[in-house]
Each structure stands twice: as structure tokens, then as C-alpha cells.
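What follows is a short report on a single structure.
The values are calculated or read from the model by the stated rules, or taken from the named source; none is laboratory data. The structure displayed is predicted, hence computed values, not measured ones. Counting neighbours? That spans all protein chains shown, and the Cβs are built from the backbone with ideal geometry, glycine included. Quick note on the areas: whole protein, heavy atoms, side chains included, nothing else; ligands and nucleic acids left out. Shrake-Rupley method; radii C 1.70, N 1.55, O 1.52, S 1.80 Å.
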Amino acid sequence: MLSKMNLISDEINFDKFSENIYYMVEKDGINCLYSYNLSTKEIKSEYVPSSPWKLINYYKRTGEDTLLLLMRQKKTTHSELWMQNCEGELKFLGPEESEICNQGIYLEKVAGVISNIVNKISGESYLRYIDLSSGMEEDLIKHDGLISIQTISPCGNYVVIIFSEKGFKVKIGVLDLRNRKLIFNSSFSLRVESVVWHFNNEGFYILTNELTEYISIYYVSLDNFLKGNFLNSMEEVYVGKNDIEQLVSLKDGVIFTSNTNGYSTISHLNSSSKIEEIYTNIKGVITGFSLSNDNRKLAFKISTINSPGDICIYNLNSKCIDRLGLNKSKTFYEISLLQKSLTSTGPYLNNYSSNIIAKKKYPAIILLHGGPHKQDRPSFNPLKKLLVKQGFVVICPNISGSTGYGKTYEESILGGWGGQDLDEIKQIYNWLQKQEWVIKDRIFLCGFSYGAYLTLLAVSKLECKFYKAIAISGPVNLLDFINNMPLETQNILQKNVGDSSSEDKRKYLLSNSPSTYITSISCPILIAHGSQDDKINRDSIFKYVKKAISFGKDMTYYEVEGEGHSLSYSNTDINSLLTDCLKFMDSNKYSNT
């Protein structure tokens with residue numbers, strides 16, 4: 001029912017000689033690795049996993065035709081690291097069944113691998129060194145929270161690592177690969193989007209909004225970092241009025257993308273601090289920034305509301321951009337986007353509708369994203385296209401807590417789920433009631449994860465007459481939701497969702513939980529969850545559904561066998577769920593086809 005092929009790479013890699021680029025494609029539900037030769041324009045399949053494996057990510061070795069593949073066994077939460085040589089032979093690099101591998105990097109200088117491991121039971125993270133010659137393994141770093149490998153220095157001697165703290169904060173460390181020792185600046189934590197090494201090996205750039213409202217660019221010299229003079233040595237490189245998202249370092253400054261109301265722009269900040277936009281006709285979202293080894297080409301993925309992802313190559317010398325046209329999927333039904341802010345400070349709405357001009361009224365779906373610290377953006381989404389094609393206008397709000405509109409907006413609901421965010425759902429409903437193109441008694445509410453939570457709370461706590469609601473993978477009891485998580489995740493949720501450290505605070509969490517208002521449910525609800533969801537307490541869901549039915553509420557429960565929290569796999573069960581959702585919404589009454 002949804003698109004059978006989609007470019008999914010947020011990692012686009014050049015080979016050593018900048019002739020090939022590597023990227024991932026989802027084809028008929030299977031993630032595959034492909035290469036594209038920039039000279040011959042030949043597309044080659046590099047790796048197609050066999051059952052029961054799913055390719056999650058890959059890492060191209062710069063010196064030879066060897067690939068590191070990060071794979072997850074379907075319908076489980078186990079992931080492993082493998083290496084494929086140029087003959088296509090695979091070698092298992094771990095970890096054991098009680099652990100998950102999140103990342104892996106190849107260390108060309110020492111012919112070794114560093115893998116990022118999480119223990120399933122304790123939740124602790126490790127950086128594990130694997131010597132490819134001897135097979136010797138050594139755990140270099142242990143951390144109570146999550147670890148992320150950010151960037152390796154051009155000389156190959158250092159790796160920058162970030163360690164998660166409570167809330168949004170992280171700490172930055174540098175691993176010296178020559179002696180495999182950690183240089184850790186433990187005195188200061190900050191908000192970090194990403195870290196990128198400077199081309200000359202002498203320091204690194206940090207994308208952070210620790211000191212600013214929007215994510216900005218700072219530079220830290222390695223020498224100052226090693227001396228422990230971290231905070232005072234952060235040099236401001238660029239502070240704008242939009243979040244900076246990706247960056248590459250050049251001899252002549254940096255090239256970066258920024259987020260302008262969801263749309264991406266690419267700019268060049270040269271060494272003289274002069275800024276120039278280098279690609280203005282985007283009208284979409286850019287990911288997968290990658291610089292060729294010769295510093296002459298920049299590759300990135302671009303996605304718009306009507307076209308699946310494609311790869312673009314920007315020539316830094318000629319300043320020309322070529323779109324490779326890798327995704328041959330045809331779009332037979334185009335949609336349009338109208339952006340609106342209900343007030344000067346939000347909520348911000350992305351309204352997707354048909355390009356067909358007709359004087360008629362439409363049912364409206366309010367589609368709430370998860371997170372809440374995410375953003376609905378104007379990129380390709382087959383679900384939105386499908387819903388518009390079925391005759392709906394799709395309203396995708398970026399309510400308080402969403403990213404992309406500054407730190408204040410993102411942090412505005414910290415510790416207060418079910419407060420300001422719920423009020424904004426009412427604002428959106430009331431706004432829709434005033435629109436001439438809306439069928440007033442056909443307003444649907446649908447959400448995923450956090451959005452599902454807010455959906456269930458809205459249809460039972462607000463005095464809004466929603467027609468029907470769909471909630472996928474959402475918690476119904478905030479207290480159970482927090483307590484179901486590992487200890488390190490609980491510490492984060494205490495700040496983000498709400499504090500449960502005292503009886504009064506636990507009562508407050510329950511007062512903002514859908515399970516408290518079952519008797520007030522005001523419309524039919526379809527609830528869906530994956531049977532392997534490790535984030536949501538399934539007992540809470542079962543109790544909620546059973547109790548709602550006992551009170552005579554119109555409740556449909558749908559469990560997708562083998563799926564996790566995100567219901568991310570393109571399989572028969574997911575398409576069956578989608579079909580049932582459309583039937584539940586009476587889509588045959590409104591379809592444009």
C-alpha cells in the first residue's frame with residue numbers, strides 16, 4: 001500500500017578516490033546497500049541481507065572495499081556488527097546475545113574496530129576495541145547512560161565521543177587511539193547536536209544551543225580541551241536565527257545546513273566570516289551531509305513532500321549541483337503544503353491537502369508526531385500522501401515541545417506533559433471548526449508514541465467532539481511509563497515527562513494520564529501496539545482497553561506481532577493495520593479515487 005522503494009540513507013559515504021558513493025535503499029521492505037559510480041553512473045548492489053536480518057546502518061572502510069554492517073535481527077531488539085570483505089565474505093564481530101551494538105567505526109591506522117555496545121540488562125554502555133588481526137577484545141569505556149561516537153580526526157589519532165546525562169545534557173570526551181585512553185572533560189555538560197572534526201586536526205566544531213536560543217557553531221581547539229579549559233575556550237563561529245543541523249569542515253571555512261520553519265538551506269561560511277547561501281531552490285529537507293576525500297564534492301540526500309529521497313552532488317569548484325535521480329519511483333498524486341502559525345509563538349501547523357481545486361468540504365485529520373522533541377517537516381511521507389489521496393486534509397502540528405523553533409519552545413513542556421501541549425490541541429480543534437473547508441463533525445485525531453498519548457488524553461479530557469481517534473504505541477499511564485524504563489532512562493523521563501519522586505508529584509502524573517479519564521472517552525478509538533514494544537507497559541494498555549470496553553466505550557485493539565515501538569518494518573501486518581485504520585476512518589466515503 002505504501003511505496004515499495006525508498007532511499008533511506010542518512011549516511012552517504014564517498015570511497016577513498018571519490019568515484020563511488022554508498023547509500024541505503026529500502027526495497028520491498030528490505031534495507032539494501034547500493035553504490036553509485038560518479039564517472040560511469042553505474043548503480044551496483046553491494047549488500048542485500050537474507051532473512052532474518054535487517055540492515056540498520058553501514059560504515060565504509062576508506063582504504064579497501066570492506067564494509068562494516070550493523071544489522072538487527074527482525075522482530076527482536078538484538079543487533080550485531082559484521083564485516084564484509086571485497087569477496088563478499090562476512091565476519092562476525094559481536095556482540096553476544098545479552099548486548100546490542102549501536103555503532104561501529106573502522107580504525108584504518110591500527111586495523112581495528114571500535115563498537116558501541118549497550119547491555120540489555122543493566123543499560124550500561126561500552127566502547128569495545130576489536131583487533132582484527134588477533135581477535136582480541138578490550139572494553140575501553142563504560143558509562144551508565146548512552147554513548148555516541150561522533151567523529152574521528154582526519155589524522156586517525158582521536159575520536160570524539162559524547163556521553164548522555166540527565167535531560168538534554170551530554171558530556172564530551174576524546175579517545176586517544178594511539179594508547180586507547182580517554183581524555184574526558186567531566187567538569188561540564190552541555191546540549192550538543194553533533195561534533196565535527198576540523199580539517200586540520202587541531203580541534204573540532206560543536207553544534208550546540210547551550211549558550212544560545214538556536215543551535216549554533218562553536219570551535220574548540222584540541223590543545224585547550226586537553227588542558228581542561230573547555231567552556232572558556234569555546235569560540236563562537238556562527239550564531240543565527242535558525243537551528244544549524246549539519247556541518248562539514250573545509251580549508252575555506254565550513255558548509256552547513258539550517259532549519260528554516262522545517263525547510264533546509266545550505267550556506268557557506270568562509271574563513272573571512274562571509275556567509276553565502278549555495279543552494280536556495282530546495283523546498284525540502286536535507287540529510288546525509290558527506291564530503292569527498294579530495295574536498296571537491298559534497299553529497300547529501302534531499303526529500304520533498306512529493307518526491308522520495310534523491311542524492312545531490314555539489315561541486316565546490318564549479319558550484320554546480322547535480323541530482324542523481326536514484327529513486328525512480330513515480331508520484332502519480334501530488335499534494336500541497338500550507339504552513340500556518342495560530343499565534344506568533346505557535347503552535348505551528350503544516351497543512352497537507354490535494355492540489356485539486358474544488359469547492360467542497362473535507363474531513364480533517366490532526367496527525368501528532370512522537371517525541372515530543374521532534375518536528376514535522378516538508379519531506380516525503382507516503383502516509384500523508386495516502387491520507388490526502390483518500391480525501392482528507394492532514395494537519396501536522398508542531399506544538400510546544402517540538403524542535404526547530406528554538407530552545408525555549410522545545411523546553412516549554414519539560415516535566416509537564418498534558419498541560420500546555422493539551423491546550424494547544426484544543427486551539428487547533430477550535431481553529432478547524434472555523435474553517436469553511438472542514439466538515440465540522442469529521443475531525444479525526446491520530447498520534448504516534450507521545451502523539452498517541454496526547455491523542456488519548458485529548459479525547460477523554462477536552463470538551464472537543466472528535467469523530468474518531470487512532471493511537472499507535474502510546475502510553476496510557478505516565479507513572480507506569482516511567483517505571484517501565486531502565487534506571488538511566490527513568491532519570492531522563494523524570495525531567496522530560498514529569499517528576500515521580502513524591503506522592504503529590506505522582507498524583508500529578510496520574511492526573512495527566514489517559515487511564516484516569518476512561519469514563520470520559522468521547523469517541524471511538526483504535527489502539528495499536530507492537531508485541532515487542534520495550535518502551536510501553538503492555539499490561540497498562542490491556543487494562544486500559546478492557547476497562548474502557550467494560551464502560552461501553554467503542555474500543556478496537558490491534559497488536560502487530562513481532563513489531564517494536566516504532567512499527568518500522570514494511571510487512572504484511574503493518575499494511576493490514578493500515579488497511580484497518582482506513583476502514584475505521586470510513587475513508588471510502590471521502591476518497592478522491
**Item:** Filter result for the condition that a residue is open to solvent by 20 Å² or more (accessible area, probe 1.4 Å) and either in contact with a strand residue (DSSP E or B) (Cβ under 9 Å, 6 or more places away or on another chain) or part of a loop (DSSP other than H, G, I, E, B) (or both), over S500, S522, S515
**Value:** S522
**Message:** Given the condition open to solvent by 40 Å² or more (accessible area, probe 1.4 Å) and among the aromatic types (F, W, Y), answer yes or no: does some residue in region 159-171 qualify?
**Reply:** yes
**Asked** Being of a type outside the set (S, T, N, Q), within 19 Å of H198 (Cα to Cα) and open to solvent by 30 Å² or more (accessible area, probe 1.4 Å), is that true of even one residue in region 137-153?
**Response** yes
**Prompt:** Just for region 52-65: of the residues that are within 14 Å of I105 (Cα to Cα) and surrounded by 17 or more Cβ atoms within 10 Å (Cβ to Cβ), which one is modelled with the lowest pLDDT?
**Reply:** R61
**Request:** With the condition kept exactly as written, say whether any residue in region 229-238 is open to solvent by less than 20 Å² (accessible area, probe 1.4 Å), more than 22 Å from N381 (Cβ to Cβ) and at pLDDT below 95.
**Result:** yes
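For every residue, the table says whether it meets (1) at pLDDT 90 or above; (2) over 11 Å from P397 (Cα atoms); (3) surrounded by fewer than 21 Cβ atoms within 10 Å (Cβ to Cβ).
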{"residue": "L338", "(1), (2), (3)": "yes, yes, yes"}
{"residue": "T343", "(1), (2), (3)": "yes, yes, yes"}
{"residue": "Y348", "(1), (2), (3)": "yes, no, no"}
{"residue": "K360", "(1), (2), (3)": "no, yes, yes"}
{"residue": "P378", "(1), (2), (3)": "yes, yes, no"}
**Answer residue from region 89-104, given it is among the hydrophobic types (A, V, I, L, M, F, W, C) and more than 25 Å from the chain's Cα centre (by Cα) and is most open to solvent (accessible area, probe 1.4 Å) among those** = F92
**Asked** Here are some residues: I172, I162. Which one is under 18 Å from G123 (Cβ atoms) and outside any loop (DSSP other than H, G, I, E, B)?
**Response** I162
**Message:** Can you find, within region 401-432, the residue that is surrounded by the fewest Cβ atoms within 10 Å (Cβ to Cβ) among those that are within 26 Å of L582 (Cα to Cα) and in contact with a strand residue (DSSP E or B) (Cβ under 6 Å, 6 or more places away or on another chain)?
**Reply:** L432
**Asked** Within region 69-82, can one find any residue that is within 20 Å of I162 (Cα to Cα), open to solvent by 30 Å² or more (accessible area, probe 1.4 Å), at pLDDT 80 or above and outside any loop (DSSP other than H, G, I, E, B)?
**Response** no
**Complete:** When region 477-524 is checked residue by residue, the ones that are basic (K, R) and over 23 Å from the mean Cα position of the chain (by Cα) are K505, R506, K507
**Asked** Which ones in region 103-154 are over 16 Å from E80 (Cα atoms) and among the β-branched types (V, I, T)?
**Response** V110, I121, I141, I147, I149, T151, I152
**Message:** Of all residues being farther than 22 Å from T265 by Cα and in a loop (DSSP other than H, G, I, E, B) in region 380-400, which is most open to solvent (accessible area, probe 1.4 Å)? Just the residue, please.
**Reply:** Q390
**Message:** Of the conditions (1) surrounded by 19 or more Cβ atoms within 10 Å (Cβ to Cβ); (2) among the polar types (S, T, N, Q); (3) free of Cβ contacts under 8 Å to residues at least 60 places away in the same chain; (4) under 15 Å from T403 (Cβ atoms), T260 satisfies every one except a single condition; which number is it?
**Reply:** (1)
**Request:** Restrict the check to region 164-173 and report whether at least one residue is small (G, A, S) and within 19 Å of the chain's Cα centre (by Cα).
**Result:** yes
